[in-house]
Amino acid sequence: MFSLLADKLDNTFRRLRGLGKISEKNIADALRDIRLALLEADVEFGVAREFIGRVKERAMGQEVLKSIKPGEQIVKIFRDEIAALLGGDAVGLDLTDPARIMVVGLNGAGKTTTSAKLALRLKNEGRRPLLVACDLVRPAAVDQLATLAEQIGVPVYKPAPGSRDVVAVAREALEWARTQNGTVMIFDTAGRQEVDEALIDELRQLHAFLSPRETLLVADAATGQQAVNVAQTFDRAVNVTGIVLTKLDGDARGGAALSMRSVTGKPIKFSGEGEKLDQFGPFVPGRMADRILG
Ligand code: GDP
């Protein structure tokens, strides 16, 4: 992820660093290049414009222009602003009792995988996670979650075949959980190819019933602008508390990843960086910014 952007920025920053003295014109040229690179990486237009505005305001300051290494200063400003754009400090989960996490997203975004990855992570932290299969739409989803749960040694609630009512399933799962000695429940839900009324309705009902501490939206970082629009729709329906960006190991342009926080106002809490269950962890904005700078 971000390799295209990193390459473009590398050129711009190298040029800036090579200048002994920097004029306002040099900065304006660099900012134009950066803006183009962001747009080519599929960063949302308004996000790119505001971002450039913030960098410009700081870069044009006298401390930068008069400093011994103005190029370095501008790179540092850029890095800080990218980290801020991605969310500043990393944000954790609210796991106060009853700790329920609802995992939502489109088909193929990585919900089921993420549910298992998160369960494994919580287990390794010494918690006792329970998984609940609430995807009653995709026939293989329940078995997929059950298989992953077995791999990581986490109890899983499987609804009876033919179950249609997701709230009834959730109610049964809460009953079941009383016998399981768990400390945090993760509910994997149904997705769709795209957001439709039926899905939103179902998720709303489930959300109202569970009152989850966390509603995590799983978004495929490779899907570009579309992922950002989808995030807004989910948020309106079920009040998303955090985003999980998946497939950051891919070679997509990364614009959605950069726009997501700013457009939705929701923190990116975790990222997935591969299909394996341990390729997952807290999203650290500063580290991601460093990656973009190469
Ligand atoms: P769901 O339909 O949202 O439940 O999506 P799945 O969990 O079934 O994931 C869809 C596909 O994406 C599967 O083949 C996963 O192995 C894959 N996947 C999930 N997360 C990641 C990730 O972070 N990186 C990569 N490369 N693949 C992922």
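Just so you know, all these numbers are worked out from the coordinates, no wet-lab data involved. Here the structure is a predicted model, which is why all the values come from computation and not from measurement. FYI the Cβ positions are ideal-geometry reconstructions off the backbone, even for glycines, and counts take in every protein chain you see.
Details
- Whole-Hz couplings from phi, Karplus 6.51/-1.76/1.60, listed for region 258-273; x for Gly and Pro: 6, 8, 3, 5, 5, 6, 8, x, 9, x, 7, 8, 9, 9, x, 10
- Amide proton proximity set for Thr215, modelled H, under 5 Å, gap of 5+: Met102, Thr241, Gly242
- Electrostatic dipole magnitude of region 135-202 [Cβ: Lys, Arg +1; Asp, Glu -1; Cα centre; debye, to 20]: 300
- Area projected by the alpha carbon convex hull of region 196-260, averaged over all directions, nm²: 4.4
- Over region 1-136, the reciprocal of the mean inverse Cα-Cα separation, the Kirkwood hydrodynamic radius, stands at 18.2 Å.
- Taken over the alpha carbons of region 107-156 as equal point scatterers, the Debye sum produces base-10 log I(q)/I(0) values at 0.20, 0.29 Å⁻¹ of -0.60, -1.13.
- Top of Gly105, Gly20, Gly88 by mean-square fluctuation, Gaussian network on the chain, Cα under 10 Å: Gly20
- Simple spin-label estimate for Arg54 and Ile68 in nanometres, 7 Å along Cα-Cβ: 3.0
- Averaging the Cα positions of each part gives two centres, and for region 80-123 and region 1-59 these lie 30 Å apart.
- The share of C-alpha pairs in the chain whose separation exceeds 34 Å stands at 28 percent.
- Added length on full extension, which subtracts the Cα-Cα distance from 0.36 nm per residue, Glu194 to Arg138: 18.8 nm
- Mean ellipticity per residue at 222 nm, deg cm²/dmol - from DSSP H runs of n ≥ 4 across the chain, formula -39500 (n - 2.57): -16500 deg cm²/dmol
- GNM result for the chain, Cα springs below 10 Å: residue of Lys69, Lys269, Lys158 fluctuating most strongly: Lys69
- For region 1-68, the square roots of the Cα gyration tensor eigenvalues, ordered a ≥ b ≥ c, give a/c of at least 1.5 with a/b no greater than b/c, which places it in the oblate category.
- With the biggest extent put first, the Cα atoms of region 76-216 measure 56, 37, 27 Å across the principal axes.
- Principal axis box of region 144-294, alpha-carbon based, largest edge first, Å: 50, 35, 25
- Once the Cα atoms are used to define both axes, helix 3-18 deviates from the longest principal axis of the chain by about 30 degrees.
- Counted residue by residue at 0.36 nm each, then reduced by the alpha carbon distance between them, the extension gain from Arg14 to Thr96 reaches 24.7 nm.
- Legend: distances between Cα atoms for Lys21/Lys66; Lys158/Lys247; Lys111/Lys276; Lys76/Lys266; Lys8/Lys247; Lys56/Lys266; pairs beyond 18 Å are Lys158/Lys247; Lys76/Lys266; Lys8/Lys247; Lys56/Lys266.
- Where labels lie 7 Å past Cα in the beta-carbon direction, separation of Ala208 and Arg236 in nm: 1.8
- The per residue volume of the convex hull around the alpha-carbon atoms of region 164-243 is 102 Å³.
- Pairwise FRET efficiency - Arg171 versus Asn124, Cβ, R0 = 30 Å, nearest 0.05: 0.50
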